[in-house]
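Working notes, beginning with the structure itself.
The values are calculated or read from the model by the stated rules, or taken from the named source; none is laboratory data. Keep in mind it's a predicted model, so treat the numbers as computed, not measured. Using ideal geometry, Cβ is built from the backbone for each residue, glycine included, and neighbour counts are taken over all protein chains shown. Side chains included, ligands, DNA and RNA excluded: accessible areas come from the protein's heavy atoms. Shrake-Rupley method; radii C 1.70, N 1.55, O 1.52, S 1.80 Å.
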Amino acid sequence: MHAIEIRALSKDYPVGFWKRTLRPALKSLDLTIEAGETFGFLGPNGAGKTTTLKLLMGIIFPSSGSATILGKDFLDPEIKRKIGFLPEQPYFYDYLSAPELLDYYAQLSGVPAGVRKQRIGELLSRVGLSDVGNKQLRKFSKGMLQRVGIAQAIVHNPDVIFLDEPMSGLDPVGRHEVRELIQSLKDDGKTIFFSTHILSDAEALCDRVAVIHKGELRGVGVVNDFRSSVADKTEVIWLGAGALRAVEESVVEPHITGDTVRGTVQSADLDRVLDILRQRHARLISVTPIHRTLEEYFLSKTREREKEPVQL
Amino acid sequence: MNSRLSAITLNTFREAVRDRVLYNLILFVLLLVASAPLFSQISIGLEKLMLVNVGLSSISLFGVIIAIFIGIGLVSKEIEKKTLYTILSRPVRRWEFIAGKYLGLLLTLVVNAVLMTAGFYAALLIFIHSLAGTDARMLIAVYFIVLQFMMMVAITLLFSAFSSPIFSATFAFALFVIGTFGEDLKNFAAMSHGATKYLVTGAAYILPNFASLNVISQVAHEQNVSGQLVLFNTIYALLYSVAVTVGAILIFERRDLK
Ligand SMILES: Nc1ncnc2c1ncn2[C@@H]1O[C@H](COP(=O)(O)OP(=O)(O)OP(=O)(O)O)[C@@H](O)[C@H]1O
Ligand SMILES: [Mg+2]
């Protein structure tokens, strides 16, 4: 069973004074997330990340499409016992103290009265807020609020956790701590779906990432592929333009400057290409593996369609 | 009552208390004390009449003002500040949210009215030096005031479920004023003819009628309130509040909360 399965989910917002025109914010999103996976939902500002999360949480309704969470329809109230949600830039009832807020949310999520107090105590120390006492949330710093936000998302011990930009607006220390917290949830075996545009966070935490831009899913990638030591392409530079003919079909986009040739070769073809070049007495200048970083992937996926080079 | 509903109710009450809404009680007592010299200027019989009128009218007015000022923000504030996001991502049904908000504000107003009534009886004791057996009749007036709160909370909540606080406040207050003269509307309907008659009669049924809920001057003049009126008012206020709250729920149920 998939933890989350999103099927052709779309959302159009009515815009303009008369709300007559519809503008798509999310265009037919299909996505599946496996149980126990940490999944990064990447996209630039206005991509549709928050829209997707609000749809999944039942805060707004889809124009079309549907989703299941843990095998049940996402609008089924009972499934919500098993999910947790941290909204972007969260704000909480500022007249409450942290324990009061968590108690309220635990009650709403159906945590029995008997276990609430103990769990809230543990949770506050887990997020590093054990010393806040009964201070009202209006006196909390942004970093403290973010931790309260994570605490409320997990107070009922959910299986699937949705976080909307959990690190935004935090200082480097706060970001590091939130990262550690997410890592510990991951170690607990939770399924985590989080949106971000901080690529290093995604790279550090996620198993897979999806890139969304202008409401469209542009690609899904496995993070390990981006950091693996084996590069799938290698840049080769040699002296001896005459040898190019023999390896032409294996070299992508060769550039010739005088007698020097620069081109990329699929790593699988590398040995063969190098052998041929030696046989032809070409002088190798450099052989450099090309690592594709998450950043390059992100940039290539979010580049405007129109500006993309025409592939012949 | 299910635990989610009671949690939302109590949290709404807690918010009102911590927002120091009940501070108006102090204002109420000060008002009564300050007006005391006024009463003693007038002859003994009138003194009580005045005190009952001023006391009960302020219980009603203070409550209605609180109902409007808290009521208009009950839903819109939670949407604007996005606190609703963390509520709806839990097993909370949308109707439970609206019903909890309704009951929480009503609880606030009832507690407020009970405390004010206690202050009012204390003022009677201090200035009139005695409580007659018939003074219990004034509790009926207070009961009717609470029925009026039930309706006002439903009305503000309905506006709050789909519009901005300023719009909600304006319309809720307008309905309060219209409702206060509800009897006139019915009389007008009785006098008119043709299409106007149907229109005005329809309006008289849809708009709230607070006139029959106001027995303040009656009890101030020590007149009896019939049991029939008590029964009628109870049923009317209940039906009206439920209908309006269901309307608020139906609007809220399908709304995109952005
Ligand atoms: N309530 C709304 N009414 C109309 N348009 C909206 C509404 N909410 C969002 N949009 C539009 O939908 C698009 C997607 O917005 P969304 O908030 O999902 O982006 P995001 O990926 O979360 O961006 P960010 O990184 O800035 O948080 C944007 O173009 C935005 O302007
Ligand atoms: Mg967003």
Notebook entry, point to check: Which pairs have Cβ atoms under 8 Å, sit 6 or more apart or on different chains, and link a residue in segment B:2-13 that is at the interface with another protein chain (Cβ under 8 Å from one of its Cβ atoms) to one that is among the basic types (Lys, Arg) and open to solvent by 40 Å² or more (accessible area, probe 1.4 Å)?
Noted result: B:4/B:93
Next item on the list: Can you confirm whether segment A:54-66 contains a residue that is open to solvent by less than 50 Å² (accessible area, probe 1.4 Å) and away from chain B (no Cβ under 13 Å)?
Entry: yes
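Specify which of the listed residues (A:129, A:170) is within 16 Å of ligand 2 (Cβ to nearest atom) and more than 12 Å from every other protein chain (Cβ to nearest Cβ). Lay out the reasoning, then the answer.
Numbers: A:129 fails: within 16 Å of ligand 2 (Cβ to nearest atom).
Of A:129, A:170, the one residue that is within 16 Å of ligand 2 (Cβ to nearest atom) and more than 12 Å from every other protein chain (Cβ to nearest Cβ) is A:170.
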Check: Would you say residue A:103 is over 19 Å from residue A:155 (Cβ atoms), charged (D, E, K, R) and open to solvent by 40 Å² or more (accessible area, probe 1.4 Å)?
Finding: no
Note to self: Given the criteria farther than 14 Å from residue B:147 by Cα and within 17 Å of the chain's Cα centre (by Cα), does residue B:207 qualify?
What the structure shows: yes
Next item on the list: Just one of (1) outside any loop (DSSP other than H, G, I, E, B); (2) surrounded by 14 or more Cβ atoms within 10 Å (Cβ to Cβ); (3) polar (S, T, N, Q) trips up residue B:163, so point out which.
Entry: (1)
Note to self: Residues that are farther than 15 Å from residue A:160 by Cβ, in contact with a helix residue (DSSP H, G or I) (Cβ under 7 Å, 6 or more places away or on another chain), open to solvent by 40 Å² or more (accessible area, probe 1.4 Å) and within 14 Å of another protein chain (Cβ to nearest Cβ): does segment A:75-89 have at least one?
What the structure shows: yes
Notebook entry, point to check: Take the residues of segment B:71-81 that are more than 24 Å from residue A:78 (Cβ to Cβ) and not hydrophobic (A, V, I, L, M, F, W, C): which is nearest to the other protein chains (Cβ to nearest Cβ)?
Noted result: B:81
Next item on the list: Within segment A:14-53, track down each residue that is within 13 Å of ligand 2 (Cβ to nearest atom), away from chain B (no Cβ under 14 Å) and polar (S, T, N, Q).
Entry: A:45
Next item on the list: Being open to solvent by less than 50 Å² (accessible area, probe 1.4 Å) and hydroxyl-bearing (Ser, Thr, Tyr) is the filter here, so list the residues in segment B:202-235 that pass it.
Entry: B:212, B:234
Margin query: Let me confirm something: among B:59, B:98, which residue is closer than 24 Å to residue B:212 by Cα, in contact (Cβ under 8 Å) with a residue 60 or more places away in the chain and open to solvent by less than 20 Å² (accessible area, probe 1.4 Å)?
Written below: B:59
Notebook entry, point to check: Conditions: (1) within 14 Å of chain B (Cβ to nearest Cβ); (2) over 19 Å from residue B:8 (Cα atoms); (3) outside any helix (DSSP H, G or I). Residue A:111 meets all but one. Number of the miss?
Noted result: (2)
Notebook entry, point to check: Of all residues in segment B:192-244, which are part of a helix (DSSP H, G or I) and of a type in the set (S, T, N, Q)?
Noted result: B:196, B:201, B:212, B:217, B:218, B:228, B:233, B:234, B:241
Note to self: Take the conditions in contact (Cβ under 8 Å) with a residue 40 or more places away in the chain and either open to solvent by less than 60 Å² (accessible area, probe 1.4 Å) or farther than 15 Å from residue A:232 by Cα (or both) and apply them to residue A:267. Does it pass?
What the structure shows: no
Notebook entry, point to check: Any chance segment B:177-191 includes a residue that's touching a residue at least 60 places away in the same chain (Cβ under 8 Å) and part of a helix (DSSP H, G or I)?
Noted result: no
Checklist line | residue B:170 hydroxyl-bearing (Ser, Thr, Tyr) and modelled with pLDDT under 90 | finding: no
